[in-house]
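Only one structure is covered here, and it is reproduced in the block below.
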Amino acid sequence: MSYQLILARTLQRLGILRALELWRSKPGILIVNHHRIGTPDETGFDRDLFSATADELDAQVQYFKQRAPIISGEELEDLVSGRTPLKRLYVAFTFDDGYLDNYTKAFDVFRSAGTTAAFFLVTDYVGTATVPWWDEIAYRVRNTRRTEINLEYPTPLKVPLNGHREASIATVLQHYKRTDNICGEEFLAEIRRETECDLPLPKRRFLNWDEAREMRDAGMAIGSHTRSHAILGRLSPELQKQELEDSKKEIEARLGSKVRGLAYPVGARNCFSHATEQIAMDAGYSMCFSAYGGMNDATHLNRSNLLRGTVPSNPERFRAVATVRTSLGRHL
Ligand SMILES: [Zn+2]
């Protein structure tokens, strides 16, 4: 049992969770970040991206609705710019990558609940069957017949495959995400050589422009997650500018409305820089989101780096994490 679950049960048993829920919520903006909605087993690709089923997402929305307003993109912009004073707790939901399940599952949850969320699209992926690097790595490591993978690039890494396969997938993905100045194509070429297996036949995996338009018309915010999902901090300033400007222009042309939000791909501290933040502001974004956790409150409210975090899918852990974060502004 995880420490989070033990703590969640202890807080619940002692009545502390209920007391915190009734006591107060700290002023601030809690921004929840999701990727895929559904069950991990339904994909042969990266299962770690599934952060909740539709029912679990619905329970999260209902829980927060009782404690704080779930805000739209415009309301968030008013808070971030200071037009609305930050005097209470607010919650916002965001989704990265634009997978088809964001339209078929998540959209329904928010529409039925009468609330909204923001969806960040990778413009090269919209309406396509693209298999991005994280999905390709996960698929190949899971399905290879090899008993071990030996990577040379960018630094040597030996990954045995006779144990828990999902842990091996996580090791290879972390190796890629954590290494600065890595060439994605070179890394993938080595993974392909080392795994020797074919990807399944293509089937559409990302929501298309008509679906994005329908979501926008129903009040959802549509933002950019760049053109190609390149890790911005690894690109030259010129290429970063292109990624940010091209994706913004394309979404605006396709949907006929202004794009204000940008979610940095991967969103970890080492995946974008102060220069990236400045380039994003110059490109006309007014809200840019990281993904390494934290609360946006009086001590941190920065429109070029709005903090987002995940929440557990397990309902018991979710309630404890959400309560402690919103009441005390702390992470469990
Ligand atoms: Zn992403």
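The values are calculated or read from the model by the stated rules, or taken from the named source; none is laboratory data. Since the structure is predicted, the reported quantities are computational estimates derived from the model, not experimental observations. All Cβ positions, even for glycine, are placed from backbone atoms using ideal geometry, and neighbour counts span all protein chains on display. Just the protein is used for accessible areas: all its heavy atoms, side chains included, with ligands, DNA and RNA removed. Shrake-Rupley method; radii C 1.70, N 1.55, O 1.52, S 1.80 Å.
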**Message:** I'd like the residue in the range 1-28 that is charged (D, E, K, R) and free of Cβ contacts under 8 Å to residues at least 60 places away in the same chain and, out of all such residues, is least open to solvent (accessible area, probe 1.4 Å).
**Reply:** Arg18
**Complete:** Condition set without any contact (Cβ under 8 Å) to a residue 40 or more places away in the chain and of a type in the set (A, V, I, L, M, F, W, C), scope the range 238-264, selection surrounded by the fewest Cβ atoms within 10 Å (Cβ to Cβ): answer is Ala253
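Would you call Pro40 touching a Phe, Trp or Tyr at 6+ places or on another chain (Cβ under 8 Å) and either farther than 15 Å from Ala117 by Cα or acidic (Asp, Glu) (or both)?
yes
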**Item:** Residue tally, condition surrounded by fewer than 20 Cβ atoms within 10 Å (Cβ to Cβ) and over 24 Å from Pro69 (Cα atoms), over the range 105-131
**Value:** 7
**Asked** Mind checking which pairs have a first residue in the range 29-53 that is free of Cβ contacts under 8 Å to residues at least 12 places away in the same chain and a second that is open to solvent by 10 Å² or more (accessible area, probe 1.4 Å) and within 12 Å of the ligand (Cβ to nearest atom), Cβ under 7 Å, 6 or more apart or different chains?
**Response** none
**Message:** Is it the case, given these coordinates, that Ala280 is closer than 30 Å to Arg111 by Cβ, among the hydrophobic types (A, V, I, L, M, F, W, C), in contact with a Ser or Thr (Cβ under 9 Å, 6 or more places away or on another chain) and open to solvent by less than 20 Å² (accessible area, probe 1.4 Å)?
**Reply:** yes
**Prompt:** Considering the range 120-171 alone, what residues qualify as being part of a strand (DSSP E or B), within 16 Å of the ligand (Cβ to nearest atom) and not aliphatic (A, V, I, L, M)?
**Reply:** Phe120
**Request:** Scan the range 134-150 residue by residue and report those that are more than 29 Å from Asp96 (Cα to Cα) and either open to solvent by less than 10 Å² (accessible area, probe 1.4 Å) or without any contact (Cβ under 8 Å) to a residue 24 or more places away in the chain (or both).
**Result:** Thr147, Glu148, Ile149
**Complete:** Ala322 passes all but one of the listed conditions (1) open to solvent by 10 Å² or more (accessible area, probe 1.4 Å); (2) among the small types (Gly, Ala, Ser); (3) in contact (Cβ under 8 Å) with a residue 40 or more places away in the chain; the exception is number (1)
**Asked** When the range 116-131 is examined, which residues are found to be more than 23 Å from Leu188 (Cα to Cα) and out of contact with any Leu (no Cβ under 9 Å at 6 or more places or on another chain)?
**Response** Thr116, Ala117
**Request:** Taking Arg213 as the residue in question, decide whether it is away from the ligand (no atom under 16 Å from the Cβ) and either at pLDDT below 95 or in contact with a Gly (Cβ under 9 Å, 6 or more places away or on another chain) (or both).
**Result:** yes
**Message:** Among the residues in the range 62-84, are any open to solvent by less than 10 Å² (accessible area, probe 1.4 Å), farther than 22 Å from Tyr264 by Cβ and assigned to a helix (DSSP H, G or I)?
**Reply:** yes
**Message:** Any residue that is open to solvent by 10 Å² or more (accessible area, probe 1.4 Å), in a strand (DSSP E or B), among the hydrophobic types (A, V, I, L, M, F, W, C) and within 14 Å of the ligand (Cβ to nearest atom) - is there at least one of those in the range 89-98?
**Reply:** no
